[in-house]
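Accompanying notes for the structure given below.
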Amino acid sequence: MKYIETFTNTKVLVLGLAKSGESAARLLDKLGAIVTVNDSKPFEENPAAQSLLEEGIKVVTGGHPLELLDEDFALMVKNPGIRYDNPMVERALEKGIPVITEVELAYLISDAPIIGITGSNGKTTTTTMIAEVLTAGGQNGLLSGNIGFPASQVAQTATEQDTLVMELSSFQLMGIEAFHPQIAVITNLTPTHIDYHGSFEEYVAAKWNIQKNMTAKDFVVLNFNQDLAKDLAEQTAATVVPFSSQEEVDGAYLKDQVLYFRGEAIMRADELGVPGSHNIENALATIAVAKLRGIASQAIKETLSAFGGVKHRLQYAGDIKGVKFYNDSKSTNILAAQKALSGFDNQKVILIAGGLDRGNEFDELVPDIKGLKQMIILGQSAARVKRAADQAGVAYQDAADVADATRKAFAAAEPGDIVLLSPANASWDMYANFEVRGDEFLATVEELKG
């Protein structure tokens, strides 16, 4: 890492802990800053705060007292989940204190080049694909950022021979100043997190921050399936490399079910290790990045053919007596379920769906579930999901929970069938999060294997 002197003897407030705040606090302390950490969780319930205090870092817990900002802070490093209308953030900005997120710190100290990936859907899968392809090609892609490995932590041990492959949320990208990836990827842009950003335009502006410091020597990889991306392509100094599954472009594209880069066939679409039209888009983005980095086509093909997906994101969970199981617990909305179903022949799919009742109907899902072999329906939203199943003419069973649903699905399946957990609903009616829900599915599949 670069031992920069930017923060030496500088008073910095780290607002919010979690993984990224804890990592930022330790890094700033290592760089000679005078660090104060402020977290809302009470001290006795806050192991991270306790650990930092033992290391000599000042901690203020149990709330966000505005008077804390009466101290002469030169910088605030904000947890990305804390909104900009938080009173502490608003007061800091009023006082002229710069507010950044920890990915900015990662950039400032990183010896490794950075590839940044953002988007509404597919960014975790694409980030993972890129890291695996780069590693296969000898460039050691290090996962970092919103994927669960704090960027400011990974950057401390990365060398010039490594590449930081960084998943970036809109929340993180709102807090950058000098951040400058060599390659930026935007997988797609659809309305989401509007409650945080206030409008789709503001959300897009936050995502578009990824390229604000890029030059013509850098590359921004954009999804030309979307007219919005074509419009954005006219608004950057970076060199645009498009990808598309709908048309030939000067980049990565799908033609006659073959994935190409600038005229060179890389692999057939049916050779991808993960199904679905969305994963073709993710693979095209990956191919574009890999070819820009000089990775051999054979390494790309072998890696993407072996790619097994990301846990809980259309993850292949195994085969039992000819029945394949897929865990797409991350499917917390209708769009995610539609994308998952697009990769399969409905006549062979038994879909497990349902979860938290948010008051919405599932009419949009009806065309996508027509022809399903069966549905297993659970959770608070069961009555609404059943109405969609009735409209689509699909038979269904009730289930008490995911384990029960998985057993019933397997009992109804025949060799060649698919059991797909893609709930189209959040998990919080029955499970702490989608990971816990997916883990129950995986555990039940293992039990059935036994």
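Assorted remarks:
- Positive-end residue, the chain charge dipole about Cα centroid, Cβ charges, pick of Ala33, Val59, Tyr396: Tyr396
- Taking a ≥ b ≥ c as the square roots of the eigenvalues of the Cα gyration tensor, the range 92-163 is classed as oblate, since a/c reaches at least 1.5 and a/b does not exceed b/c.
- Across Lys41/Lys339; Lys207/Lys291; Lys78/Lys207, pairs whose alpha-carbon gap is larger than 26 Å: Lys41/Lys339
- From helices alone, the chain scores -10000 deg cm²/dmol at 222 nm; the rule is -39500 (n - 2.57) for each run of n ≥ 4 DSSP H residues, then divide by the residue total.
- Magnitude of the charge dipole for the range 309-410, about its Cα centre and with charges confined to Cβ atoms of Lys, Arg (+1) and Asp, Glu (-1), is about 320 debye.
- Stretched out straight at 0.36 nm per residue, the stretch from Ala74 to Lys95 would grow longer than its current Cα-Cα span by 6.6 nm.
- Test item: Cα-centred dipole of the chain, Lys/Arg +1 and Asp/Glu -1 on Cβ, debye: 740
- Using a Förster distance of 30 Å, the FRET efficiency for Asp357-Phe43 (Cβ separation, nearest 0.05): 0.25
- Looking at the chain, the accessible area is 40 square angstrom per residue; that uses a 1.4 Å probe and ignores ligands, DNA and RNA.
- Nonpolar atom fraction for the range 103-306, defined as the carbon and sulfur part of the 1.4 Å probe accessible area, stands at 46 percent.
- Between the residues Gly273, Ser342, Leu356, the greatest Cα displacement towards the positive end of the dipole of the range 265-378, with unit charges on the Cβ of Lys, Arg, Asp and Glu, is found for Gly273.
- Only Lys, Arg (+1) and Asp, Glu (-1) charged, at Cβ; the range 10-100 dipole about Cα centre in debye: 320
The values are calculated or read from the model by the stated rules, or taken from the named source; none is laboratory data. This one's a predicted model, so the numbers in the text were calculated from it and none came from an experiment. Counting neighbours? That spans all protein chains shown, and the Cβs are built from the backbone with ideal geometry, glycine included. Note: accessible area is taken over every heavy atom of the protein model, side chains too, but ligands, DNA and RNA are not part of it. Shrake-Rupley method; radii C 1.70, N 1.55, O 1.52, S 1.80 Å.
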